[in-house]
Every structure is written in structure tokens, then in C-alpha cells.
Amino acid sequence: MIKSEKTDQELVKLALQDKEQFLPLMNKYEKPLFYYIKRISGFNKEDAEDVLQDTFIKIYKNLNAYDENLKFSSWAYRIAHNQTISEFRKRKTRQHYFYEEKDLINLADNLDSISSENILHIKVDIENTLAKIPDKYREVLVLKFIEQKDYKEISDILKKPIGTVGTLINRAKKKFQAEFK
Amino acid sequence: MDLSKKILEKITHDKITPKPRYTFLVKNYLVWAGAGLAIFLGMQAVAIIIYLVKSQDWDIYQSVSNRGEFLILSIPYFWIISLALFIFLAYYNVKHTRSGYKYRFSTILIGYFILTAILGGTSYAFGLGESLEGVFTEKLPVYERMMQYRHKIWQDPEQGLLIGKMFDVSGETLIIRDLERKEWLVDISSTTVPDFVKTKPGILLKMIGEKISENEFKASKLHPIIPKHLMKKPPFDKSPCKMKEIGACARNIR
């Protein structure tokens, strides 16, 4: 896998001149976007890879639309998010929401009702709760507490005002806690 | 082979290329142009709303029997609904700009109101609201008919208010058909009537006076409804026409 020292903005400019230069960008975001797609969709590995492929192709096609005032990662997450939602609407199937132990610890540390000490015992309960709550709440919980994005990044990814993101996160926490009990 | 390399191969194989920059720039300019248009239209609507509210016959407010109805009829519904549509147009376009998602609906709404109020108020001060309303009334018969509800408060002969279209003149008597299509003989001997009124059958007249009988009304004040920007033109204001010059005078005020 090729690693690059260049900034994302520089890589975007290079990729516009030479498609081979798109590879370092894909290498950098392949794993994070793959897991993000899985976390919000519940797609299996193959479906998530299909969505990821479509996401990267869309990113490449729209490179000229990239606004440098935005973090490239936020823009890439936004496209991955939209692609996942659109693919989900087409397929209407979800297999299983899978979260790693560290994801759930991150989540538990921010939700009063869960102790991260015995996380393995309640892993399934947390996954079931995340599967049960509305998509809009699961998405912000994943972005905030698992992907560790700040409010500004979440606002840029979901294309919602920062105030609305704050409100959504609070409601999502309450909804999660109510369902978890 | 890792997924990234596979995707790069697909990009090469399918000859996928980035869309040209100008397509995104054009789209961005179009949504900003749409937002600008919504502000421009909103500004005109506000100017006309201010004009219509201010030009309502507030001097007869004390004499009308139903003040609630007077207030309701004073609201320029058409322009308020239009303004709401322009707000939606502005919101849609701002939301579709690159950074439009950062703003809440309430922020866009308040910003739009402040901007259109300032611009619309300025336009009104320069007489744009009055001129535009005059143009709409003159050029769009549908608009004129639609706005006639505002005159309904004058249809109250018991309270000394009458409105109607003049369709004939006989000496000091005008023959009027009111909004309910009832005919009235209006005695104008106690009031001054601009000469051109007598030459313009179909002109809408507002009158204050007294109901004499079931179809007779004595006017003490009479006010023809024509756009003010036409009335301002000389020689109407400064040198009233003589009867024999009425034809030329009527042409002048057009």
C-alpha cells in the first residue's frame, strides 16, 4: 500500500492531473470509509466493498467540485454517507451491525447508562440497541463517538447546521439510553 | 489485489474522468442567481406591501361600521403569499449553495426578512412600490379584479360610503354601478369633480356623502381610483381641463 506525505489537498490537485495519483488518496481512506459504511448500514463485507467502490468513483468524478475550505475527509465521508443511504434504499437489506470492541468502549464512555468495564458481556445488547434506533440517531452516534468526529465535521458530512447536529446528538443519546434499558 | 488498486483499474478501464470544473461553477452561479432573484422579487413585494398598507383609506377608518372587516380587507394577501413563495425560492437556492447547509431555516428566514425589508423600504421610499402597483393594475386586468376586494369597505351607503363604476353623466348627476351591480344616481353638486372623470366611463369612484333614497346618493367628497403616478402628470394637477379640452386632457393624463 502506498503511503503519501502530501496533504489531501495536494493529492486532489495531483489526481486531477494524473489518475494514478488518486491511489494514495484511496489508500488513505479505504479502511476508514469501509468501516464507516459498515457501521451505518449493516451491509456485509461484499456489499460494503461495492458501496466503497462506488463512493471512490463518485469522489474521482467530482474531484473538481471539492471545496478546499472543507476537510477532504469530511467531503469523502459525506459522499460515502450519501452513497450508503442511496444503496440501502435500493437493496432494503441489512445483515448485521458489527462494531469492534474499541468502538463500543468509545460509545460507552460517552453514554451514562453503559459501563465500559463489562463491555464484552453487553456487546450484543449494544449492537441490538444501535440497530433498533432510527437511522438519523445511529448515524450521529457513530460519527461522534465511534468515528470521533467533531461537531463541525459532522455538520459538513451530514450537511446539517452545527446547532442541529448538537440537538441530534442529545436526542440520539436519550433515545439510545431509553432503548437500552 | 487490494480494493484501491482494483478501483483504479476500473477507472482506467471504463475511461472515467473527473467532470469539468465549469459544470460545478455554473451550477453554483445558478443557485446564487436564484437566491438573488428571490431577494429582488421579495424586495419588490415588500415595497408594494408598504405602499398598499400606507395607501389604504385610513382617514375613513373612524367612519366605517365594521372596523375589523376594514383591517382584514387592508391586508395585501396577494403580495404576502407572493413573498412567502419568494422566501421558499430563496431558502431552496441558499440551501443548494456549497455552504448553504450551515444555516438553519430560521436564520435564512430572518436574514431574508431583514434584507428585503431594508431593500423594499428603500424601493418604497423611491416610489417603486407605487409605480409597480400602478403598472400591475393597469396592465393586468386579472390583478386589478383580484385587488378589488380592498375596496369592499366603501360599499356601505348607510354609513355614507359608496364605490362604483361611473357609466354615464347627466348634468350634475353621475350614474354609478356599485360593487353589487346596483345603479345609483349620485348628486355631485356639492363636490368638485375632476373634469376628466366625466369623460371616462368605467372609471372607479369612491364617494363620501349621504344616502338620500334607495338609489340616490349625495356626494360631498369624490375620489377617482387611478394610479397616482398618472395623476401627478401635468396638466391635471395644476391646470384643470375645461370641458371643451377634455379629450386632450384625458389623453395627457395617460
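Roughly how many Å is it from the Cα centre of segment B:43-100 to that of segment B:126-140, as a whole number?
Centre-to-centre distance over Cα atoms comes out at 15 Å.
If amide hydrogens are placed 1.01 Å from N in the peptide plane, which non-local residues have theirs closer than 5 Å to the one on B:VAL193?
Excluding prolines and chain starts, which carry no amide H, there are no hits.
Please give me the summed charge of the neighbours of B:PRO201: other residues whose Cβ is under 11 Å from its Cβ, Lys and Arg +1, Asp and Glu -1.
On the way: positive: B:LYS165, B:ARG177, B:LYS198, B:LYS200; negative: B:ASP168.
Every neighbour counted, the sum reads +3.
Summarise the partner chain shielding of A:62-70 as one whole number: the mean count of Cβ atoms from other chains within 10 Å of each residue's Cβ. Show your work: numbers first, answer last.
Numbers: counts 4, 4, 8, 9, 2, 4, 0, 2, 2.
Rounded to a whole number, the mean comes out at 4.
Within 10 Å of each Cβ in A:26-34, how many Cβ atoms from other chains are there, averaged over the peptide? List each step's numbers first, then the result.
Details: counts 8, 4, 1, 1, 4, 1, 0, 0, 1.
The mean count of partner-chain Cβ atoms within 10 Å per residue comes to 2.
At a 10 Å Cβ-Cβ cut-off, how would you order B:ILE118, B:ILE188, fewest neighbours first?
Fewest-to-most ranking of B:ILE118, B:ILE188: B:ILE118, B:ILE188.
Which pairs in the list A:LYS61/A:LYS149; A:LYS28/A:LYS160; A:LYS173/B:LYS6; A:LYS6/A:LYS61; A:LYS58/B:LYS102; A:LYS6/B:LYS95 are over 31 Å apart, alpha-carbon to alpha-carbon?
Values: A:LYS61/A:LYS149 26 Å; A:LYS28/A:LYS160 26 Å; A:LYS173/B:LYS6 39 Å; A:LYS6/A:LYS61 21 Å; A:LYS58/B:LYS102 23 Å; A:LYS6/B:LYS95 33 Å.
Where the Cα-Cα span goes over 31 Å, the pairs concerned are A:LYS173/B:LYS6; A:LYS6/B:LYS95.
Read phi for every residue in segment B:108-113 and hand back ³J(HN,Hα) as whole Hz from Karplus 6.51 cos²θ - 1.76 cosθ + 1.60, θ = phi - 60°, with x for Gly and Pro.
Using θ = phi - 60°, the values come out as 5, 4, 5, x, 5, 5 Hz.
Just flag the GluC sites (Glu not before Pro) in segment A:112-181 sitting in loop per DSSP whose Cβ has no more than 13 other Cβ atoms within 10 Å.
Details: sites: A:GLU117, A:GLU127, A:GLU139, A:GLU147, A:GLU153, A:GLU179; in loops: A:GLU117, A:GLU147.
In loop regions of segment A:112-181 (DSSP not H, G, I, E or B), the sparsely surrounded GluC sites (Glu not before Pro) are A:GLU117.
What is the helix-to-structure angle for A:123-132, meaning the angle in degrees between its Cα long axis and the longest Cα principal axis of chain A, kept from 0 to 90 and rounded to the nearest 10?
70 degrees
Since every read-out is calculated from the coordinates, none of them should be taken as a lab result. Predicted model only: the values in this text are computed from it and were never measured. Cβ sites come from the backbone with ideal geometry, for glycine too, and all protein chains shown count toward neighbours.
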